[in-house]
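**Student:** This is the structure I want to talk about, given as structure tokens.
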There are 2 protein chains.
Amino acid sequence: MTIAKAITRLAFLGDRLVTTGAVRDQHGQNETYYPDTPPDAVAFPETTEEVSRILRICHEEACPVVPYGAASSLEGQHLCTSGGLSLDMNRMATVLEVRAEDLNCTVQPGITRLRLNEELRATGLMFPVDPGADASIGGMAATRASGTTAVRYGTMRENILALEAVMADGTIIRTGTQARKSSTGYDLTHLLIGSEGTLGIITELTLRLQGIPEATSAATCRFDSVENAVNCVIATIQSGLPMARIELLDEMMVKGFNAHSGAGLPEVPHLFLEFHGTPAGVVEQAGTFGMIAEDFGASGWQVAEKAEERTALWTMRHKAHYASAALGKGKHLWPTDVCVPISRLAEAVLQAQKDAVALGLTSTIVGHVGDGNFHAGVSVDPADADEMHRAEAFTGALARTALRLGGTVSGEHGIGLGKQKYMAEEHGAALTYMRAIKQAFDPKNILNPGKLLPPTNEVPHAAAE
Amino acid sequence: MTIAKAITRLAFLGDRLVTTGAVRDQHGQNETYYPDTPPDAVAFPETTEEVSRILRICHEEACPVVPYGAASSLEGQHLCTSGGLSLDMNRMATVLEVRAEDLNCTVQPGITRLRLNEELRATGLMFPVDPGADASIGGMAATRASGTTAVRYGTMRENILALEAVMADGTIIRTGTQARKSSTGYDLTHLLIGSEGTLGIITELTLRLQGIPEATSAATCRFDSVENAVNCVIATIQSGLPMARIELLDEMMVKGFNAHSGAGLPEVPHLFLEFHGTPAGVVEQAGTFGMIAEDFGASGWQVAEKAEERTALWTMRHKAHYASAALGKGKHLWPTDVCVPISRLAEAVLQAQKDAVALGLTSTIVGHVGDGNFHAGVSVDPADADEMHRAEAFTGALARTALRLGGTVSGEHGIGLGKQKYMAEEHGAALTYMRAIKQAFDPKNILNPGKLLPPTNEVPHAAAE
């Protein structure tokens, strides 16, 4: 029962089992501050049956298996920290069926969101969830991703009807149906969404689709303080205006965009906005928003009417990660996120800004504030122990601020490696039941071991007895 | 370890533990064809801590515990078929907090949806999920209820942010937060929603709220065939029109309304509609719908402008259960529901009508057709073995039609006692993982035993090894 023996037995994959250094190294990289951790081997399955056969072998040999998509996860979810097999899903990246008449489609997990939307374009439909990165749909499901449009269309949680997954021992299951709702049995679909590859490997997804809106318009405006910008967001959401996107950029984030892409924006807090609807509806929405924004002293209203202008705007926004990194002048980025009730958003954002200053850190704030979700991006040098310690203190303080305000330690990045330390604080006794599920589904702990659940010496479930 | 011993130990509840015949009988009744099954005792807890203490005792004594709310479940979910304790949640029926600024509230499980909405009215907010019956919010969560407005606002699945629950051994857990989204750990909230009291007893719910729409208008129209009515619904949903309600009544259902409430409607298929939005938006939506409906030969357009007229309309609709029963002239009603992809709706409805005729049964069809969900209500005499056999054949055929068309055997009534026989067909290997969760969470099988999961001699999870 060794990793080596599992890899020997995976030889049936031929040249789709790779143990060369370059490929292993590539699969051990990440975009944040986690140390690179190459797997022992990389497998490139092409069918669900192959995934099942791989898992059967790895289960017998107790070999760790970590699913790999676009490697855009921000809490190290795809890193093989216990060694073993990186299961690269990029050869399972096909749109299997588009059912335009039912507003859904079935895809393989390796397809990325941009490619999916390209393939959908001719149907007049779109898959709206947009976490910024061109992530794989399977990875987005596994981390319960969301992003800029969740305020209008929901997160991955609301946009998946059904899954196919391969479980730890190779069993293939199907959850959900093509119907829009169901009351038949335990909701395994939602249990797998957000499980970060620790309960099963997603091999197929049936997604809800939306009609591409008849009209879209985007705009930006600026505020003299983050507080005014955030209070404008709160008032907008409370008014019931169906915002398609409403993104906050603090002054430091704007500096980052100027440094990274020469955006030339005044270095004050901004909101980036998008409206979807009928042509008349979009105008009406923008007008209503304008009236709300005026109350909070908004200025510099810029409308991006044309599709190219909107693309430029959101492309810039989606580079927030790199723009934040640019401020660090060659440093790594430690990205973190929290989500709070909308009424506590200003308090949370201001506290985060204050904490960063107090700790002597450079940090941007950018966020999907319509959901109460925002990100901080701290520049760090992993070789600078003191700076790493301060960054850790910063993310810890932010996580605890979120919990104190009735929120959660992650709105969309997930737990992975970095946030296990807050799981007990957020979930309390519920954590025992999460452990019980893991134990029941993956008794040998081969599926993404060391992720999501904090280490423990407890016997699962015993704590509740 | 007996039920009797558990009841003795529950004496701490004083007069809130009742073993008198009348109260037990009342808790053993149901509105459908299931035989009455009184519990051994009824407990009326007033706090979460009391629920916890009750469960700790029942766990030690292996005494079945079945939560009881408004008793409006339609698949026998609240019946104590293994004896034991009926846990009546009606003394835990308070609105604990309304956070209008965050569009959410926290309530106890015993409050009913109508009372909740009365208490919310002054805030301008509403809890939109409306299954027809004035069900308890806890029961609605436990059965993953939905109803007439789910097409616009989603089901219980989409409208619960957080739960408090007492688990089998008395452990109190909290799932979710007040934030609108989270990516931290396994989604126990959605695991409990729809678990029909078999995994934990819900003691507190944090619900998403919606602004009461600025304008509401309702309307009815009729069609010369069910096929035209359903095809009109399909075209409407595909057009993206944000219907608030779109309900189908087949000719038999209309007959039932005429018999039950003297509705005086022409006995042909009808759609009942509701539009929510701004005053201008509502007019625009109704106009767009009118143009679509014209293509399918709609006639007899009646608008219910005033609030009283709308109330009368939906009150009539919500009496569908009793109106269907009225056609049976004193018989019981065997209600069933399925949900299919919207494109297969006409096929499913027409097949159901044909099956009822072929089996010599009187059945109504009424449904939340915007979701692809509809109900059939068959009049049965439980003493007539042949008729019961034919009704069983009808519901079985309908369930299998739904599965054949890519749908589910229940859109909202759930599994309870009556639909366990279809669980393996719908879920296949996934059923093993549902059993594994039940085994991990409730190893002594005290929580609503005999519901949701079909009986088995398998060792849980072993089937997947």
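The values are calculated or read from the model by the stated rules, or taken from the named source; none is laboratory data. The structure displayed is predicted, hence computed values, not measured ones. Using ideal geometry, Cβ is built from the backbone for each residue, glycine included, and neighbour counts are taken over all protein chains shown. The protein model used for the area step is the full one, side chains on, heavy atoms only, and it has no ligands, DNA or RNA in it. Shrake-Rupley method; radii C 1.70, N 1.55, O 1.52, S 1.80 Å.
**Student:** Averaged across B:190-199, how many Cβ atoms of other chains sit within 10 Å of each residue's Cβ atom?
**Tutor:** That average works out to 4.
**Student:** Starting from the alpha-carbon convex hull of chain A, give the projected area averaged over all orientations, in nm².
**Tutor:** The Cα convex hull of chain A, projected and averaged over all directions, gives 22.2 nm².
**Student:** Please name which of A:Ser86, A:Gly194, A:Ile212 has its Cα lying farthest along the dipole of the protein assembly as shown towards the positive end, using unit charges on Cβ (Lys, Arg +1; Asp, Glu -1) and the Cα centre as origin.
**Tutor:** So the residue furthest toward the plus end is A:Ser86.
**Student:** Here is a follow-up. Specify whether the C-alpha gyration tensor of segment B:57-111 places it in the rounded, prolate or oblate class, a ≥ b ≥ c being the square roots of the eigenvalues: rounded for a/c under 1.5, otherwise prolate if a/b is larger than b/c and oblate if not.
**Tutor:** It comes out prolate by the Cα gyration axes.
**Student:** Given Cα positions, please report Rg to Rh for segment B:95-211, the hydrodynamic radius being the Kirkwood one.
**Tutor:** 0.94
**Student:** Give me the net charge of A:Pro266's neighbourhood, meaning all other residues with Cβ under 12 Å from the Cβ of A:Pro266; Lys, Arg count +1, Asp, Glu -1.
**Tutor:** With Lys, Arg at +1 and Asp, Glu at -1, the neighbours total -1.
**Student:** Tell me, what is a quarter of the convex hull surface for the C-alpha atoms of segment B:3-88, in nm² with one decimal?
**Tutor:** With every direction weighted equally, the projected area is 5.2 nm².
**Student:** Taking chain A as the reference, fit the longest principal axis to its C-alpha atoms, fit the long axis of helix A:385-404 to the helix C-alpha atoms, and give the angle between the two in degrees, 0 to 90, nearest 10.
**Tutor:** 80 degrees
**Student:** Give the nm distances, rounded to one decimal, from A:Glu119 to the matching residue in every other copy, measuring between label points 7 Å along Cα toward the beta carbon; shortest first.
**Tutor:** Relative to the other copies, A:Glu119 has label-point distances of 4.8 nm.
**Student:** Ok, one more. Rg and Dmax of segment A:1-144, Cα atoms, in Å?
**Tutor:** For segment A:1-144, the Cα radius of gyration and maximum Cα-Cα distance read 16.2, 51 Å.
**Student:** Around A:Ser182, under 12 Å between beta carbons, what's the net of Lys plus Arg minus Asp minus Glu among the other residues?
**Tutor:** That works out to 0.
**Student:** Quick one: with all protein chains in place, what share of the accessible area of segment A:215-404 is carbon or sulfur, to the nearest percent (1.4 Å probe)?
**Tutor:** Here it works out to 54 percent.
**Student:** Same structure, new question: Report the net charge of residues surrounding B:Pro131, where surrounding means a beta-carbon distance below 15 angstrom and charges are Lys +1, Arg +1, Asp -1, Glu -1.
**Tutor:** Overall, the nearby charge balance is -1.
**Student:** Could you let me know the centre-to-centre spacing of segment A:195-271 and segment B:231-252, using Cα atoms, in angstrom?
**Tutor:** 33 Å
**Student:** Run through the other copies and list how far each one's label point is from that of B:Lys5, in nm with one decimal, shortest first; the point sits 7 Å from Cα along Cα-Cβ.
**Tutor:** The answer, with the shortest distance listed first, is 4.6 nm.
**Student:** On a straight-distance basis, which lysines could pair with B:Lys255 in a cross-link, Cα separation under 29 angstrom, same-chain partners fewer than 8 positions away excluded?
**Tutor:** The reachable lysines, counting only those whose Cα sits under 29 Å from B:Lys255, are A:Lys181, B:Lys306, B:Lys319, B:Lys329, B:Lys331, B:Lys354, B:Lys419.
**Student:** Output the 0 to 90 degree angle, nearest 10, between the alpha-carbon long axis of helix B:430-441 and the longest principal axis computed from the alpha carbons of chain B.
**Tutor:** The two axes meet at around 40 degrees.
**Student:** Explain nothing, just the number: relative contact order of segment A:3-90, from Cα pairs under 8 Å at least 6 residues apart, as a whole percent.
**Tutor:** Relative contact order of segment A:3-90: 35 percent.
**Student:** What cysteines in chain B have no other cysteine with a beta carbon less than 4.7 Å from their beta carbon?
**Tutor:** Cys with no partner Cβ under 4.7 Å: B:Cys80, B:Cys105, B:Cys221, B:Cys232, B:Cys339.
**Student:** From the label point of A:Ala385, set 7 Å along Cα to the beta carbon, how far off in nm is each other copy's matching point, shortest first?
**Tutor:** So the distances to the same position in the other copies read 8.3 nm.
**Student:** Would you kindly calculate the mean projected area, averaged across all directions, of the convex hull enclosing the Cα atoms of segment A:215-404, in square nanometres?
**Tutor:** Mean projected area of the Cα convex hull: 10.0 nm².
**Student:** Suppose every K and R has +1 on its Cβ and every D and E has -1 on its Cβ; what is the size of the dipole of the protein assembly as shown about the Cα centre, in Debye to the nearest 20?
**Tutor:** So the dipole magnitude of the protein assembly as shown works out to roughly 820 debye.
**Student:** Can you give me the angle between helix B:226-238 and the longest principal axis of chain B, using Cα atoms only, in degrees from 0 to 90, rounded to the nearest 10?
**Tutor:** Between the helix axis and the principal axis of chain B, the angle is about 80 degrees.
**Student:** In debye, nearest 20, what is the charge dipole magnitude of segment B:69-226 about its Cα centre with +1 on Lys and Arg Cβ and -1 on Asp and Glu Cβ, if you could check?
**Tutor:** Taking the Cα centre of segment B:69-226 as origin, the dipole is about 220 debye.
**Student:** Here is a further query. In segment A:256-320, with Lys and Arg counted as +1 and Asp and Glu as -1 at Cβ, which of these residues, A:Gly281, A:Gly256, A:Val303, has the Cα nearest the positive end of the dipole, that is, farthest along it?
**Tutor:** A:Gly256
**Student:** Using a simple charge model, +1 on the beta-carbon of Lys and Arg, -1 on the beta-carbon of Asp and Glu, nothing else, what dipole does chain A show about its Cα centre, in debye to the nearest 20?
**Tutor:** Result for chain A is approximately 520 debye, rounded to the nearest 20.
**Student:** With an 8 Å Cα cut-off and a minimum separation of 6 or more residues, compute the relative contact order for segment B:215-404 in percent.
**Tutor:** Relative contact order here is 27 percent.
**Student:** Does segment A:282-350 come out rounded, prolate or oblate, given a ≥ b ≥ c as the square roots of the eigenvalues of its C-alpha gyration tensor, rounded meaning a/c under 1.5 and, failing that, prolate meaning a/b above b/c?
**Tutor:** oblate
**Student:** Along the positive direction of the dipole of the protein assembly as shown (beta-carbon charges: Lys, Arg +1; Asp, Glu -1; about the Cα centre), which of A:Ala4, B:His368, B:Leu431 reaches farthest?
**Tutor:** Towards the positive end, the residue furthest out is A:Ala4.
**Student:** Sort out for me the Cα centre separation of segment B:284-340 from segment A:1-74, rounded to whole Å.
**Tutor:** Value for the Cα centre distance between the two parts: 55 Å.
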